[in-house]
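Beneath this line is the structure, given in structure tokens, with notes to follow.
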Amino acid sequence: MDRSLRALGPVYEHLSQVLPEESDVASDGVLTIGGCRVDEVAAKFGTPAYVFDEDGLRRQIRKYVDGLRARWPKSEVLFASKSLPCVAMYAMAAAEGLSIDVAGGGELMMALAAGVDPARIYLHGNAKSDEDLTMALQAGIQAVIVDNFDDLDRLDRLAKTPQAVLIRVIPEISPDTHASQITGGRGSKFGLPLDQVAIAVDRIVQHPLLQMAGLHLHIGSQVLQTDPFVQAVKAIANIGQYDRYDIGGGLGVQYTADEIAPSVDDYLDAVVDAARAVLPADATLLIEPGRSLVARAGVSLYRVDTVKRTGETFVAINGGMADNMDIALTGQKYEACLPTKMRGEPDTRCEVVGRQCESGDRMVSDALLVDPHVGDLLLMPVTGAYSYTMANNYNGARRPPIVFCRNGSASLAVRRETYEDMLDTHAPAFDRKW
Ligand SMILES: Cc1ncc(COP(=O)(O)O)c(C=O)c1O
């Protein structure tokens, strides 16, 4: 974008780092994403909606794929698909050169439906079922990430043909992030403690069908420093030499105007330097980003339903913790703006709250909006990761649609759930007397 940020209005100037890369402001003050006016997207697809900047998303994927390949040619970037599991996203990820990490049969089914080559799929899970493993083995996925000895017992029973496996190791690194997002610390429910890895390796090496491909770790999510990743690489270097090292995902992203997150290049420089120092030079290096691939490209678009002035000003939207659980789970802070008033002066301090029946359903505290009114659109940036995937039906909310915007055209990737969809899973009340 050539123009100065100021020329795009005060709201854009403030939020430029967190709005999608391909955003702009039309002369009448309406935000555009991927060349699409948000008022037109809202009119066509309704609200709440998850709206994505497709070009920005593809660019972010390539930053990872090309960046890792340039630093460590024998490498693979896996999309941690739990962050945005929809068929269109699996297809786009594969087309842009990503492999896929799935955490269970549901994500595997979507990846296969998107046409992803099974040889590029990796299966995770700390409680894999027979069904998950059977689906994965039958599909012929690249590798199962063994989390525990029950995975090995199940593979003993279920594997009929050779299957590569990696072992998930607890590196005993606890990054500085929300407690619920730490996964690599001592006592984690994910993976095997360092002193049990050799036992698992022995079982795999002696197994006629399992192939010991390498080690895996993942220290956590929304990690805003690079050093814990470096420490984790060092932690697994001492437990034998293997063909493949999957060092997980977890790079944090900037959610608010004043937050600072390492760039993808900073992250890749740090982990590849560490890998060069301690891992075998001919090993394949894998990483598994989720949040940092998809978060910034996506926004949540809502409609303001009520503006209540009680001393405090509450701006209540037609969504909430049913379509964004991250706030309730991790206390994540977000920004908000009124995307049809980008050229106005923000003048109203308020609490943006959701419509779900919980006092904790507060979306953005101390937001500064431009004269909010009932019927205005309200947008929350950086909601591309973990929002759709954790969306739920609390208070009968319908899961919102996903819309991808590119070059001025908006494509529906996932339609809005309907009330009929919700009823579909219920036994009709008249089937029997309840
Ligand atoms: C095993 C594994 N890999 C990768 C990720 C992706 O993490 P993030 O979305 O923070 O990059 C997760 C999510 O927590 C995970 O559990």
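Exactly one condition in (1) within 21 Å of residue 244 (Cα to Cα); (2) under 18 Å from the mean Cα position of the chain (by Cα) is false for residue 144; which is it?
(2)
Would you mind finding the one in 228, 262 that is within 16 Å of the ligand (Cβ to nearest atom) and either in contact with an Asp or Glu (Cβ under 8 Å, 6 or more places away or on another chain) or outside the structural domain of residue 181 (by TED's automatic domain parsing) (or both)? Show your work before the answer.
On the way: 262 fails: either in contact with an Asp or Glu (Cβ under 8 Å, 6 or more places away or on another chain) or outside the structural domain of residue 181 (by TED's automatic domain parsing) (or both).
From the options 228, 262, the qualifying one is 228.
Out of the residues in region 202-221 that are assigned to a helix (DSSP H, G or I) and open to solvent by 20 Å² or more (accessible area, probe 1.4 Å), state the one that is farthest from the ligand (Cβ to nearest atom). Quick ask: steps written out before the conclusion?
Initial filter on region 202-221 (assigned to a helix (DSSP H, G or I)): 202-206.
Then drop every residue that is not open to solvent by 20 Å² or more (accessible area, probe 1.4 Å), which leaves 202-203, 205-206.
Details: 202: 24, 203: 22, 205: 24, 206: 26 Å.
In this case the residue turns out to be 206.
Given the conditions (1) of a type in the set (A, V, I, L, M); (2) at pLDDT 95 or above; (3) surrounded by fewer than 18 Cβ atoms within 10 Å (Cβ to Cβ), which single one is not true for residue 170?
Here residue 170 clears every test but (3).
Looking at region 167-193 only, could you name the residues that are closer than 21 Å to residue 210 by Cβ, part of a strand (DSSP E or B) and within 11 Å of the ligand (Cβ to nearest atom)?
Of everything in region 167-193, just one residue is closer than 21 Å to residue 210 by Cβ, part of a strand (DSSP E or B) and within 11 Å of the ligand (Cβ to nearest atom), namely 168.
Against the conditions (1) in contact (Cβ under 8 Å) with a residue 24 or more places away in the chain; (2) open to solvent by 10 Å² or more (accessible area, probe 1.4 Å); (3) more than 16 Å from the ligand (Cβ to nearest atom), where does residue 310 fall short? Just the number, please.
Unmet for residue 310, out of (1) in contact (Cβ under 8 Å) with a residue 24 or more places away in the chain; (2) open to solvent by 10 Å² or more (accessible area, probe 1.4 Å); (3) more than 16 Å from the ligand (Cβ to nearest atom): (1).
Out of 249, 240, 319, which single residue is part of a loop (DSSP other than H, G, I, E, B) and either within 16 Å of the ligand (Cβ to nearest atom) or charged (D, E, K, R) (or both)? First the steps, then the outcome.
Details: 240 fails: either within 16 Å of the ligand (Cβ to nearest atom) or charged (D, E, K, R) (or both); 319 fails: either within 16 Å of the ligand (Cβ to nearest atom) or charged (D, E, K, R) (or both).
Just a single option satisfies the conditions, and that option is 249.
Could you tell me which of the residues 127, 113 is within 22 Å of the chain's Cα centre (by Cα), within 16 Å of the ligand (Cβ to nearest atom), open to solvent by 10 Å² or more (accessible area, probe 1.4 Å) and modelled with pLDDT of 95 or more?
Values: 113 fails: within 16 Å of the ligand (Cβ to nearest atom).
Exactly one of 127, 113 is within 22 Å of the chain's Cα centre (by Cα), within 16 Å of the ligand (Cβ to nearest atom), open to solvent by 10 Å² or more (accessible area, probe 1.4 Å) and modelled with pLDDT of 95 or more, namely 127.
Which residues, taken from region 383-412, are open to solvent by 40 Å² or more (accessible area, probe 1.4 Å) and of a type in the set (A, V, I, L, M)?
Within region 383-412, 390, 412 meet the criteria.
Out of 97, 67, 105, I need the residue that is assigned by TED's automatic domain parsing to the domain that holds residue 285 and at positive phi. Which one? Spell out how you get there, then give the answer.
On the way: 67 fails: at positive phi; 105 fails: at positive phi.
Matching residue, one of 97, 67, 105: 97.
Within region 267-277, can one find any residue that is assigned to a loop (DSSP other than H, G, I, E, B) and either away from the ligand (no atom under 16 Å from the Cβ) or modelled with pLDDT of 95 or more (or both)? First the steps, then the outcome.
Restricting attention to region 267-277, the residues satisfying the condition of being assigned to a loop (DSSP other than H, G, I, E, B) are none.
The answer is no, given that none of the residues of region 267-277 is assigned to a loop (DSSP other than H, G, I, E, B) and either away from the ligand (no atom under 16 Å from the Cβ) or modelled with pLDDT of 95 or more (or both).
Going through 179, 198, 232 one at a time, which residue ends up being more than 20 Å from residue 127 (Cβ to Cβ), open to solvent by 20 Å² or more (accessible area, probe 1.4 Å) and modelled with pLDDT of 95 or more?
On the way: 179 fails: modelled with pLDDT of 95 or more; 232 fails: open to solvent by 20 Å² or more (accessible area, probe 1.4 Å).
Unique residue meeting the criteria: 198.
Would you confirm whether or not region 249-268 contains a residue that is over 30 Å from residue 323 (Cβ atoms) and buried (at least 18 other Cβ atoms within 10 Å of the Cβ)?
Here is the first cut: in region 249-268, the residues over 30 Å from residue 323 (Cβ atoms) are 265-266, 268.
This time we only want the ones that are buried (at least 18 other Cβ atoms within 10 Å of the Cβ), so: 268.
Scanning region 249-268 turns up at least one residue that is over 30 Å from residue 323 (Cβ atoms) and buried (at least 18 other Cβ atoms within 10 Å of the Cβ).
State yes or no: is residue 119 open to solvent by 50 Å² or more (accessible area, probe 1.4 Å), outside the structural domain of residue 391 (by TED's automatic domain parsing), without any contact (Cβ under 8 Å) to a residue 24 or more places away in the chain and among the small types (Gly, Ala, Ser)?
Details: open to solvent by 50 Å² or more (accessible area, probe 1.4 Å): no; outside the structural domain of residue 391 (by TED's automatic domain parsing): yes; without any contact (Cβ under 8 Å) to a residue 24 or more places away in the chain: yes; among the small types (Gly, Ala, Ser): yes.
Judged against the criteria, residue 119 is not a match.
Which residue pairs have Cβ atoms closer than 9 Å, lie 6 or more positions apart in sequence or on different chains, and pair a first residue in region 411-434 that is small (Gly, Ala, Ser) with a second residue that is open to solvent by 100 Å² or more (accessible area, probe 1.4 Å)?
That search, which allows pairs on different chains as well, returns 427/434.
Identify all residues within region 33-45 that are farther than 13 Å from residue 300 by Cβ and open to solvent by 20 Å² or more (accessible area, probe 1.4 Å); write none if there are none.
35, 37, 39, 40, 43, 44 - these are the residues of region 33-45 that are farther than 13 Å from residue 300 by Cβ and open to solvent by 20 Å² or more (accessible area, probe 1.4 Å).
Looking at region 224-256 only, could you name the residues that are at positive phi and more than 15 Å from the chain's Cα centre (by Cα)? Spell out how you get there, then give the answer.
Initially, region 224-256 is screened for residues at positive phi, giving 240, 248, 250.
Within region 224-256, 240 is the sole residue that qualifies.
Quick check: anything in region 63-74 of a type in the set (Asp, Glu) and more than 16 Å from the ligand (Cβ to nearest atom)?
Pass one, region 63-74, residues of a type in the set (Asp, Glu): 66.
With more than 16 Å from the ligand (Cβ to nearest atom) added as a condition, the list becomes 66.
Taking every residue of region 63-74 in turn, at least one turns out to be of a type in the set (Asp, Glu) and more than 16 Å from the ligand (Cβ to nearest atom).
The values are calculated or read from the model by the stated rules, or taken from the named source; none is laboratory data. Predicted model only: the values in this text are computed from it and were never measured. Ideal geometry is used to build each Cβ from the backbone, glycine not excepted, and the neighbour counts take in all protein chains shown. The area values use the complete protein model at the heavy-atom level, side chains included, leaving out ligands, DNA and RNA. Shrake-Rupley method; radii C 1.70, N 1.55, O 1.52, S 1.80 Å.
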